[in-house]
Amino acid sequence: MTPRGNRPGDDNARDRRRDDRESAPNRSGEAGRPRAQGGPRQDRSGAGRSRAADPRAGSGRAEARGRDRDERRGAAGQRAATGRPDRSAAGRPSPGSKAAAGRRPHRKEPTDPPRTAARDVLRAVRERDAYANLVLPPLLRDLGLSGRDAALATELAYGACRSLGLLDAVIAEGAGRPIEEIDGPLLDVLRLGVYQLLRTRIGAHAAVDTSVALARSEFGAGKAGFVNAVLRRAGEKTPEQWVEALAPADPVGRLAFEYAHPAWIAQAFADALGARAGELREVLAADDARPLVHLVARPGDITAEELALVTGGEEGRWSPYAVYLDGGDPGKLEPVREGMAAVQDEGSQLVALALTRAELDGPDTGRWLDLCAGPGGKAALLGAIAAIDGFRVDAVEPAAHRAELVRKAVRDLPVDIHVADGRASGLTPGYDRILVDAPCTGLGALRRRPEARWRRTPADVRELVVLQRELLSAAWDLLRPGGVVVYSTCSPHLPETVSIVADAVRRLGAEQLDTRELLPGVTDVGDGPGAQLWPHRHGTDAMFLAALRKPR
């Protein structure tokens with residue numbers, strides 16, 4: 001799951017506010033992510049080269065070459081016609097930059113709107129610590145981009161954000177200097193250009209010429225020449241040759257470089273895979289694949305079969321309530337607008353279902369609790385299931401604005417919302433079932449947040465594991481003897497998963513249940529007793545879950 005409530009620190013609070021906006025169901029794609037038409041695909045060479053959702057792909061190589069030629073001619077024609085650098089509105093430096101000082105803004109339309117949009121996304125991520133999937137949609141609207149152009153802008157923006165580590169290494173080599181010595185706005189253009197050269201099917205001439213044109217329009221001929229020189233050096237090697245030249249020698253570090261992940265995250269995945277660490281390449285590749293949109297059919301309102309028929313989707317493999325969509329804006333679907341369905345990863349659905357399926361020692365009195373409820377997806381599914389049997393769910397969320405998101409998600413359901421810290425909720429003990437979907441690093445959902453892999457650090461883990469232990473202990477105090485807690489994270493990182501559970505078993509005397517039995521039909525979730533989902537195996541986020549029962 002994404003990091004959220006009950007987490008100290010201003011930076012984390014900022015993350016939570018942005019995650020809230022990501023979770024709005026009316027945005028394109030799951031958790032608000034707009035979908036590129038035809039996401040990155042792996043190159044046949046196996047070297048991890050991602051193929052962009054280049055809109056020319058469906059028209060054959062001849063059309064692709066023609067588009068590249070037209071782009072080059074367009075850039076050259078503009079230069080020849082004006083005889084001076086383009087000063088279009090799209091190419092202007094951001095407010096406050098040195099290049100902007102002393103001259104009035106122009107109102108000309110950008111000559112390359114898709115790349116302008118992608119460049120502006122990279123700039124917002126770098127300058128404002130923004131989330132790409134929140135910045136891009138309004139840019140697409142403002143520039144009037146749709147169809148192929150929107151798909152190209154999306155692929156370039158998201159792909160470059162994911163690939164920063166690899167791109168920066170190549171740029172530093174081509175520039176002969178550390179990237180810290182390159183002006184930030186210029187670095188954005190270089191990143192965009194190198195991404196096109198190494199990780200898309202866009203022709204080399206088009207990738208270079210369009211990037212040079214972007215630089216010239218904003219910075220003038222001198223810096224455009226620098227961009228041209230760096231990109232031409234970058235294009236002298238294939239992606240495979242750059243990996244050979246720059247990747248670390250150790251196997252995990254090499255794969256991390258090849259698939260543009262921080263080495264510590266790649267090592268965390270390898271550790272979680274254990275004896276199947278040979279799947280690391282597949283795990284890293286899955287983070288660059290475009291995930292399907294997962295819908296959840298609200299029990300009692302609509303079945304998955306009915307939802308699939310209405311939406312044109314496909315019934316899910318694992319959850320009886322899941323439906324897959326290839327893309328589009330789920331917020332426009334009638335079942336979503338009417339509250340009969342919502343966007344929810346199938347792995348998250350399985351976590352909620354596992355809690356309802358766990359065997360209690362004694363009768364179920366119908367007191368259920370979601371201790372970390374924001375933004376409300378799991379609480380809504382629990383509430384819909386509870387309503388069938390006349391039960392109720394309490395949902396705890398410390399942030400008022402996130403509690404409002406929960407309230408919207410659970411409307412018309414038997415769910416009571418409490419704005420409180422889960423570690424000191426003030427609730428009366430005696431719950432039969434408690435879900436602790438704890439704040440975590442979110443390493444299991446990197447495919448949904450293009451820039452996230454470059455923002456997390458090992459220091460985040462040290463802070464979060466303390467919070468995770470405290471929340472699980474608080475849940476234990478609220479649980480009745482014979483009741484069950486399901487602990488889950490959207491991260492496979494062992495310190496956040498099996499280590500937390502082992503500590504609870506040791507400190508609290510918890511009885512750990514075989515969680516695999518709570519996921520009937522779901523295969524390949526590990527050796528137990530916990531369960532680990534993986535995007536490359538299950539098509540879900542990398543959710544971990546474990547069920548603990550309190551002895552009588």
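What the table below lists for this structure:
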{"quantity": "Gain in span if fully extended, Asp416 to Lys332, counting 0.36 nm per residue against the direct Cα distance", "calculated": "27.4 nm"}
{"quantity": "Least to most buried among Ser211, Ser491, Ser348 (fewest other Cβ within 10 Å first)", "calculated": "Ser348, Ser211, Ser491"}
{"quantity": "Loop trypsin sites (Lys or Arg not before Pro), region 314-352 (other Cβ atoms within 10 Å of the site Cβ: 16 or fewer; DSSP)", "calculated": "Arg317"}
{"quantity": "Neighbour-count ranking [beta-carbon atoms within 10 angstrom, fewest first] of Glu451, Glu218", "calculated": "Glu451, Glu218"}
{"quantity": "Inter-probe distance in nm under a simple model that places probes 7 Å from Cα toward Cβ, at Leu494 and Leu360", "calculated": "3.6"}
{"quantity": "Cα-based convex hull, region 457-514, per residue volume (Å³, whole number)", "calculated": "83"}
{"quantity": "Normalised convex hull volume, region 107-213, alpha-carbon set, Å³ per residue", "calculated": "105"}
{"quantity": "Label point distance in nm, Ala249-Glu180, each placed 7 Å from Cα along Cα→Cβ", "calculated": "2.6"}
{"quantity": "Trypsin sites (Lys or Arg not before Pro) within region 430-504, DSSP loop, no more than 16 other Cβ atoms inside 10 Å", "calculated": "Arg455"}
{"quantity": "Distance between modelled label sites at Glu517 and Ala263, nm, 7 Å Cα→Cβ extension", "calculated": "4.4"}
{"quantity": "Largest to smallest principal axis extent of the C-alpha atoms in region 407-552, angstrom", "calculated": "41, 35, 34"}
{"quantity": "Net dipole in debye of region 411-552 [+1 Lys, Arg Cβ; -1 Asp, Glu Cβ; about Cα centre; nearest 20]", "calculated": "180"}
{"quantity": "Prolate/oblate/rounded label for region 247-286 (Cα gyration tensor, a/c 1.5)", "calculated": "prolate"}
{"quantity": "Among Gly222, Leu246, Ala297 - extreme Cα towards positive end, dipole of region 176-310, charges at beta-carbon", "calculated": "Gly222"}
{"quantity": "Sorted by Cβ density within 10 Å, fewest first, the residues Glu306, Glu180", "calculated": "Glu180, Glu306"}
{"quantity": "Karplus-derived 3J(HN,Hα), 6.51/-1.76/1.60, for each residue of region 126-134, Hz, glycine and proline x", "calculated": "6, 7, 10, 6, 7, 9, 4, 6, 9"}
{"quantity": "Region 378-438 shape via C-alpha gyration tensor axes, a/c threshold 1.5", "calculated": "oblate"}
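Bear in mind that the values in this text are calculations on the coordinates, not laboratory data. Note that the structure is a prediction, hence the values are computed from the model and not measured. Glycine also receives a Cβ, built like all others from the backbone with ideal geometry; neighbour counts cover every protein chain displayed.
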